[in-house]
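All remarks here apply to the structure that follows.
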Amino acid sequence: MDRAAALRDTLARRGVDWAAPLEWPESLPSTSDVLKSRARDGAPEWSVLCAVTQTGGRGREGRAWASPPGGLYLSVLLRPQFQPVGLLPLAAGVAVAEAAAELGVEVELKWPNDALVGGRKVAGILTESSSGRAGIDWVIVGVGVNVAVDASSLGTEVGRAVTSLHLEVGRPPSIEATAAAVLARLRVWYDALESRPASVVDAWRERSVSWWGGLVQVRTAQGLLRGRLHDVDPAGALLLDLEEGGRRRVLSGEVRQLRPLDPPPEGG
Ligand code: BTN
């Protein structure tokens, strides 16, 4: 059985009937980029594209996403007809956290959706969208999970900052089972986004890092911010109490925990 058929089969055994196209070729530049062009050509909602390896995997904030064999590289196409879609990255984070928990790994979510174990990253999510005059046309949720990639193969700097499901549970979980768990949980939380959006924020908060009230640095497109993590708001934005006073609502950025003695940034 090929990988796509195995995934469809695993989903069916979980009671999830996957009617949309599901493909899993050996190698692609980036599953999200290829699915994006399918979205523009009218591919249906819930089309899924995975790859064994990616040659041009992309992460958040313009970073590259190393994609050797042993990882899950999955993109799924959504066409939400509801608001607020801003919660989708959080919903995807909860889905990934629950999938990891099913496989025996408890992760903490760092806003918006980095999945960490003991501060080391085990999964990341890249959510990209396009809208037209009629509203959102498509959203691609790209999920990368380090199922069993040897951290040492990723170079010293990245290697130190990452872990894998394999390392955490002591045996390699199946990549198809990981994909099925992510997709099944994503379906549940996507439905919740429409009917019970507050439940998504609550579920995200429950699985989030325990740094609330702690000092952080947030890198945004407008510059660096320093302050204390206050909360997330009902639309999924991060609320930061700035060191210089006032509360800032952050829609996109990269959060890093600071120790109290870390020096302030030069030039912001
Ligand atoms: C992050 O920076 O944390 C997000 C990483 C997202 C990586 C996934 S792998 C599947 C999909 N294809 C890509 O090129 N990126 C996403």
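Going by what's in this entry, would Ala4 be described as away from the ligand (no atom under 13 Å from the Cβ), part of a helix (DSSP H, G or I) and aliphatic (A, V, I, L, M)? Please lay out each step first, then the result.
On the way: away from the ligand (no atom under 13 Å from the Cβ): yes; part of a helix (DSSP H, G or I): yes; aliphatic (A, V, I, L, M): yes.
Yes: the conditions hold for Ala4.
If only residues of segment 11-33 that are farther than 15 Å from Ala181 by Cα and surrounded by fewer than 18 Cβ atoms within 10 Å (Cβ to Cβ) are counted, the one that is nearest to the ligand (Cβ to nearest atom) is Pro29.
Contact map, segment 113-141: residues that are hydroxyl-bearing (Ser, Thr, Tyr) paired with residues that are part of a strand (DSSP E or B), Cβ distance under 7 Å, separation 6+ or inter-chain. Pairs shown: Thr127/Val139; Thr127/Val141; Ser129/Ile136; Ser129/Trp138; Ser129/Val139; Ser130/Asp137; Ser130/Trp138; Ser131/Asp137. Somewhere in segment 180-187, is a residue surrounded by 23 or more Cβ atoms within 10 Å (Cβ to Cβ) and at pLDDT below 95? For segment 180-187, residues surrounded by 23 or more Cβ atoms within 10 Å (Cβ to Cβ) and at pLDDT below 95: absent.
So which residues in segment 7-36 are out of contact with any strand residue (DSSP E or B) (no Cβ under 9 Å at 6 or more places or on another chain) and either assigned to a strand (DSSP E or B) or of a type in the set (Gly, Ala, Ser) (or both), if there are any at all? Within segment 7-36, Ala12, Gly15, Ala19 meet the criteria.
Looking at Ala192, Ala235, Ala198, just one residue is farther than 30 Å from Val149 by Cα and assigned to a loop (DSSP other than H, G, I, E, B), and that residue is Ala235. Filtering segment 176-205 to residues that are of a type in the set (A, V, I, L, M) and out of contact with any helix residue (DSSP H, G or I) (no Cβ under 8 Å at 6 or more places or on another chain) leaves only Ala198.
The values are calculated or read from the model by the stated rules, or taken from the named source; none is laboratory data. Note that the structure is a prediction, hence the values are computed from the model and not measured. Neighbour counts are summed over all protein chains in view; Cβ atoms, including those assigned to glycine, are modelled from backbone coordinates with ideal geometry.
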